[in-house]
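The values are calculated or read from the model by the stated rules, or taken from the named source; none is laboratory data. Computed from a predicted model, the values in this text were never measured in an experiment. Positions of Cβ are backbone-derived with ideal geometry, glycine not excepted, and every protein chain shown enters the neighbour counts.
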Amino acid sequence: MPHVTLSEIEEAARRIAGRVRRTPVDLSPSLSALAGVPVFLKHEHRQITGAFKLRGATNALLQLSPDERAKGVVATSTGNHGRALAHAAAAEGVRCIVCMSSLVPANKLEAIKALGAEIRIIGRSQDEAQIEVERLIAEDGMTGLPPFDHPHIVAGQGTIGLEIVEDVPDAATVLVPLSGGGLIAGIAVAAKTLRPDIRILGLSMRSGAAMAASLDAGHPVEVEELPTLADSLGGGIGLANAWTFETVRALVDDIVLLDEAEIAAGIRHVYEMEREIVEGAAAVGVAALLAGKVAPTGPTVALLSGRNIAMELHRRIINGADGLEETD
Ligand SMILES: *Cc1c(COP(=O)(O)O)cnc(C)c1O
């Protein structure tokens with residue numbers, strides 16, 4: 001069973017130090033009062049590029065061979081992984097191409113370009129863009145780095161687990177946003193190897209939770225992708241998943257699913273009580289505490305994983321919207 005190890009995560013921490021931010025952990029008085037136990041927030045939304053994915057991308061880039069570095073990296077993600085890869089590649093002087101369909105909104109395209117990546121517009125769907133990625137890998141020898149199912153990506157994200165155990169040594173429960181599982185797999189290996197009794201809970205949106213459906217089925221399955229406030233948690237885990245499914249199955253204690261209105265309430269709470277702006281994917285831990293869907297048994301850490309939300313959507317939620325749709 002392929003697992004990333006604690007020593008690989010510790011090596012990743014040394015490798016990426018100075019290139020990524022060590023983010024703060026703060027006690028949340030409002031959530032502690034609500035939960036009856038100390039609740040801490042890990043402010044990973046303040047990571048460079050606005051999400052934790054810079055950790056994995058940097059760890060993977062730094063392990064490319066000289067030949068791979070010379071030929072560059074390629075991806076299709078226009079979300080937090082694409083941003084992270086673009087930034088990390090530019091920082092290392094490595095060529096990075098992000099392939100996207102002509103339907104990707106201009107602001108997303110500009111954001112990736114501003115981070116230093118080359119943009120290639122191919123076709124009208126993600127699948128057509130993926131064909132160009134495969135061509136660049138096969139014909140030009142570029143390296144494709146996936147968003148979660150890769151040992152160097154998992155090890156990079158796992159460095160968050162080391163920081164949580166260091167900053168909250170008596171943490172009993174860690175609440176982790178869950179999509180493809182690179183984040184939670186890395187954190188679970190780090191935290192459970194150092195603190196075998198720690199509980200690791202994964203949180204996803206109710207609509208289109210691919211990892212939860214795959215665990216129920218006993219193997220990776222596809223689910224229908226539906227619009228959600230937690231857009232960074234959308235997408236499948238890959239039918240040929242090699243690195244995250246088994247680790248999640250072995251180490252994650254439970255998975256909690258959140259409704260859109262609960263996620264919206266989480267975003268509002270983080271804004272109003274913590275004075276922080278987070279995206280829907282990052283608000284799921286707070287949302288689960290507010291909804292009473294997790295029973296904290298001791299000091300609890302909720303990971304705020306990113307802040308890349310369209311500000312117009314954020315304003316609507318702060319003004320009371322309970323989902324993506326316009327109210328009234
Ligand atoms: C990618 C992402 C996640 C989920 O990470 P996985 O490794 O796919 O489980 C959670 N939050 C944010 C903000 C993300 O960008």
### Task
Return the residue satisfying two criteria in turn: it lies in segment 264-310 and is over 24 Å from GLY158 (Cα atoms) and acidic (Asp, Glu), and of such residues it is surrounded by the most Cβ atoms within 10 Å (Cβ to Cβ).
GLU274
### Query
Filter segment 61-87 for residues that are surrounded by fewer than 24 Cβ atoms within 10 Å (Cβ to Cβ), more than 22 Å from VAL284 (Cβ to Cβ) and among the small types (Gly, Ala, Ser); which is farthest from the ligand (Cβ to nearest atom)?
ALA70
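Can you name every residue in segment 187-206 that is part of a loop (DSSP other than H, G, I, E, B) and either out of contact with any strand residue (DSSP E or B) (no Cβ under 9 Å at 6 or more places or on another chain) or more than 15 Å from VAL256 (Cβ to Cβ) (or both)?
Selection gives ARG195, PRO196, ASP197, ILE198.
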### Query
Any idea which of (1) crowded, with 24+ Cβ neighbours inside 10 Å; (2) closer than 25 Å to LEU289 by Cα; (3) not charged (D, E, K, R) is the one ALA171 doesn't satisfy?
(1)
### Task
Kindly state which helices (runs of 4 or more DSSP H) lie completely within segment 43-153 and contain at least 2 residues that are more than 16 Å from the chain's Cα centre (by Cα) and on the phi < 0 side of the Ramachandran plot.
66-71, 80-92, 106-114, 126-140
### Task
Of the conditions (1) more than 14 Å from the chain's Cα centre (by Cα); (2) part of a loop (DSSP other than H, G, I, E, B); (3) under 15 Å from PHE52 (Cα atoms), ILE164 clears all except one; give me its number.
(2)
### Message
Please go through (1) within 12 Å of the ligand (Cβ to nearest atom); (2) part of a loop (DSSP other than H, G, I, E, B) for VAL223 and return the number of the only condition it doesn't satisfy.
### Response
(1)
### Task
For residues that are in contact (Cβ under 8 Å) with a residue 40 or more places away in the chain and in a helix (DSSP H, G or I), tally how many sit in segment 33-42.
2
### Task
Name every residue in segment 170-198 that is within 16 Å of the ligand (Cβ to nearest atom) and more than 23 Å from ALA35 (Cβ to Cβ), in order of residue number.
SER179, GLY180, GLY181, GLY182, ALA185, GLY186, VAL189, ALA190
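Just wondering, is there one or more residues in segment 103-116 that are within 16 Å of the ligand (Cβ to nearest atom), under 29 Å from ALA283 (Cα atoms), buried (at least 20 other Cβ atoms within 10 Å of the Cβ) and free of Cβ contacts under 8 Å to residues at least 60 places away in the same chain? Talk me through it step by step, then tell me what you get.
Looking only at segment 103-116, we keep the residues that are within 16 Å of the ligand (Cβ to nearest atom), and these are 108, 111-112, 115.
After this cut, where a residue has to be under 29 Å from ALA283 (Cα atoms) as well, the list is 108, 111-112, 115.
Now restrict to residues that are buried (at least 20 other Cβ atoms within 10 Å of the Cβ): 112, 115.
From what's left, free of Cβ contacts under 8 Å to residues at least 60 places away in the same chain: 112.
Yes, some residue in segment 103-116 is within 16 Å of the ligand (Cβ to nearest atom), under 29 Å from ALA283 (Cα atoms), buried (at least 20 other Cβ atoms within 10 Å of the Cβ) and free of Cβ contacts under 8 Å to residues at least 60 places away in the same chain.
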### Message
So, LEU313, is that one in the same structural domain as ALA210 (by TED's automatic domain parsing) and surrounded by fewer than 20 Cβ atoms within 10 Å (Cβ to Cβ) or not?
### Response
yes
### Summary
(1) surrounded by fewer than 23 Cβ atoms within 10 Å (Cβ to Cβ); (2) assigned by TED's automatic domain parsing to the domain that holds VAL174; (3) in contact (Cβ under 8 Å) with a residue 40 or more places away in the chain all hold for GLY18 apart from (3)
### Cβ pairs under 6 Å, 6+ apart, first in segment 196-210 and within 23 Å of ALA265 (Cβ to Cβ), second basic (Lys, Arg)
none
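Okay, residues lined up against (1) free of Cβ contacts under 8 Å to residues at least 40 places away in the same chain; (2) among the acidic types (Asp, Glu); (3) in the same structural domain as SER305 (by TED's automatic domain parsing):
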| position | (1), (2), (3) |
| --- | --- |
| GLU222 | yes, yes, yes |
| GLY238 | no, no, yes |
| ASN241 | no, no, yes |
| THR247 | no, no, yes |
| ASP253 | no, yes, yes |
| ASP259 | no, yes, yes |
| HIS269 | no, no, yes |
| MET273 | no, no, yes |
## Note on the structure
Of the candidates VAL301, VAL294, the one satisfying the condition of being assigned to a loop (DSSP other than H, G, I, E, B), modelled with pLDDT of 95 or more and either within 13 Å of the ligand (Cβ to nearest atom) or in the same structural domain as LEU183 (by TED's automatic domain parsing) (or both) is VAL294
